[in-house]
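Below is one structure, written out as structure tokens; comments come after it.
The values are calculated or read from the model by the stated rules, or taken from the named source; none is laboratory data. This is a predicted model, so every value here is computed, not measured. Neighbour counts run over all protein chains shown; Cβ positions are idealised from the backbone, glycine included.
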């Protein structure tokens, strides 16, 4: 069953990644916010180079600044030091080359599913006719199987459907970089699983050309989807603790990969990186066996 | 089929029972009030007119609402229409001023800092205090009345609009930012749809207060109008007419409020 899958060695993966052009460069980025109690440093001295077509997960404990780092790449937050370069250009604000899927879907509640996507397309894609814009919206709705629901308002949709609209909206503007901020956090396990497959399907349809960065706190999700997993230290002033390379071959099948030794060892390493904090805190707690 | 019909029948019955119930409570409350009124009237030996005398006068008034016997004797319908006209004029002008100002106040800190102190000081002032200013400015009691209604309609709309704009959720703003909405698109697709329910709430409050203020303003201004009618009836010592007018003012106010309430329901949304 899994005899044919050849696990790529870490060096091989690195090599194949390095062949691709650079998509995103995060150069010595520090982000801090002024608070009444003084300056709060969210992330500190982050250096990261992401290649075109890579899927990267940012993982870490709540409040470790992974979303902040993501917002810096999207241009919604300005770094207080350092710079982010996307496709060779310095990021100074949000731009149509980066599609964002927000944590809480962020659909406009007074617009229908169709209109939510259309307004994004209308703003981001210049120089094409209205008919072409409508065609793009229809195509993207069909890709996430939402055509029958196109005239519904967001409140009439389930969480999974809302997230599909948000993903379709991000894909519709055809960005070279896709930024997903805990996109599946609010979904139940089954819906989450099918959304993973759907996301990969969309990525494959586009010949794996889009760079995807995803913030998550779900280890299985990160391993299943990513080429590399960036583990952040606990904030404040979070730094990169480790970058794990996921050498699992694609296409991946959820049922099969969990049995691979490579999967288990990555999972083990990630758990160790993330969970040691708790084992220290739990020292004084007595468990009843 | 049969079962669903039955269920539908049961549901309809429930609604009908609910409505009948509400109507019965309404009748009960009304009769209670009429009895108290009647007793109060008896205890003053009829100096305070009771419901029966009042309703016969009320009937006379509403059966010939539009007669016109010169400037000082017009039907109740004419009085009412002329008050409604002033309220409409004042309310529309007031809203046209208040909504854009509210949008500016809500969307810019500078606007808020500049306008808010002024609003907070002027808002508690009875709009009637502006009547003399209106007289000087416009040299006309009628225009002054409209001016008073303009001032009345400003504050609730202004404050609610500003509140609406300033509470646009960051999520919605982020969408606009992330997908590069133009200012025009931001205003038409984010700001206005979010603020509209707040604006309508402001308008509903404004029209309610305007309808209260018009009565007092017309007592000052004289001429034709429901407020002047009340004052005139008092001078003619016809408390029956005063009571009838109170009833009519109440009913019109109720209808105005219902109208804006239905607008509110129409333009509200749940996220």
Enumeration of residues in the range A:21-32 that are loosely packed, with under 15 Cβ neighbours inside 10 Å and either part of a loop (DSSP other than H, G, I, E, B) or modelled with pLDDT under 90 (or both): A:21
Residue selected from the range A:103-116 under the condition surrounded by fewer than 22 Cβ atoms within 10 Å (Cβ to Cβ) and within 20 Å of the chain's Cα centre (by Cα), by the criterion nearest to the other protein chains (Cβ to nearest Cβ): A:104
Condition met for residue B:225 (closer than 17 Å to residue B:87 by Cβ and at pLDDT 95 or above): no
Sole residue being away from chain B (no Cβ under 14 Å) and either out of contact with any strand residue (DSSP E or B) (no Cβ under 7 Å at 6 or more places or on another chain) or closer than 21 Å to residue B:174 by Cα (or both), chosen from A:198, A:119: A:198
Residue A:178 being over 29 Å from residue A:88 (Cα atoms), within 14 Å of another protein chain (Cβ to nearest Cβ) and crowded, with 17+ Cβ neighbours inside 10 Å: no
Tally, over the range A:214-245, of residues that are surrounded by 19 or more Cβ atoms within 10 Å (Cβ to Cβ) and over 20 Å from residue A:63 (Cα atoms): 7
Members of the range B:174-186 found to be more than 7 Å from chain A (Cβ to nearest Cβ) and either crowded, with 17+ Cβ neighbours inside 10 Å or under 10 Å from residue A:120 (Cβ atoms) (or both), listed by number: B:176, B:186
So residue B:233, is it more than 18 Å from residue B:89 (Cβ to Cβ), surrounded by 17 or more Cβ atoms within 10 Å (Cβ to Cβ) and touching a residue at least 60 places away in the same chain (Cβ under 8 Å): no
Qualifying residue in the range B:208-228 (condition: without any contact (Cβ under 8 Å) to a residue 24 or more places away in the chain, in a helix (DSSP H, G or I) and either more than 30 Å from residue B:33 (Cα to Cα) or away from every other protein chain (no Cβ under 14 Å) (or both)): yes
Complete set of residues in the range A:141-162 that are crowded, with 18+ Cβ neighbours inside 10 Å, within 22 Å of residue A:200 (Cα to Cα) and within 14 Å of chain B (Cβ to nearest Cβ): A:162
Qualifying residue in the range B:241-248 (condition: touching a residue at least 24 places away in the same chain (Cβ under 8 Å), closer than 30 Å to residue B:131 by Cβ, in the same structural domain as residue B:76 (by TED's automatic domain parsing) and not in a helix (DSSP H, G or I)): no
Set B:153, B:206, B:166, B:140: member being over 30 Å from residue B:56 (Cα atoms), touching a helix residue (DSSP H, G or I) at 6+ places or on another chain (Cβ under 8 Å) and modelled with pLDDT under 95: B:166
Hits in the range A:93-102 (condition: in contact (Cβ under 8 Å) with a residue 60 or more places away in the chain and either part of a helix (DSSP H, G or I) or within 9 Å of chain B (Cβ to nearest Cβ) (or both)): A:96, A:98, A:99, A:100, A:102
Spans of helices (runs of 4 or more DSSP H) in the range A:117-216 with at least 1 residues farther than 30 Å from residue B:184 by Cβ, modelled with pLDDT under 90 and more than 14 Å from the chain's Cα centre (by Cα): A:159-172, A:189-205
Filter result (buried (at least 18 other Cβ atoms within 10 Å of the Cβ) and over 30 Å from residue B:69 (Cβ atoms)) within the range B:198-225: B:198, B:199, B:200, B:201, B:202, B:203, B:204, B:205, B:206, B:207
Where residue B:102 falls short, out of the listed (1) closer than 30 Å to residue B:191 by Cα; (2) part of a loop (DSSP other than H, G, I, E, B): (2)
Which listed residue is under 30 Å from residue A:172 (Cβ atoms), buried (at least 17 other Cβ atoms within 10 Å of the Cβ) and away from chain A (no Cβ under 14 Å), from B:119, B:146, B:165: B:165
Residue B:132 vs. criteria more than 14 Å from chain A (Cβ to nearest Cβ), within 24 Å of the chain's Cα centre (by Cα) and not in a helix (DSSP H, G or I): no
Complete set of residues in the range A:192-207 that are within 19 Å of residue A:223 (Cβ to Cβ) and surrounded by fewer than 17 Cβ atoms within 10 Å (Cβ to Cβ): A:193, A:194, A:197, A:201, A:204
Qualifying residue in the range B:188-202 (condition: in contact with a strand residue (DSSP E or B) (Cβ under 7 Å, 6 or more places away or on another chain) and without any contact (Cβ under 8 Å) to a residue 60 or more places away in the chain): no
Residues of the range A:73-85 satisfying the condition of being outside any loop (DSSP other than H, G, I, E, B), surrounded by 15 or more Cβ atoms within 10 Å (Cβ to Cβ) and more than 14 Å from every other protein chain (Cβ to nearest Cβ): A:82, A:83, A:84, A:85
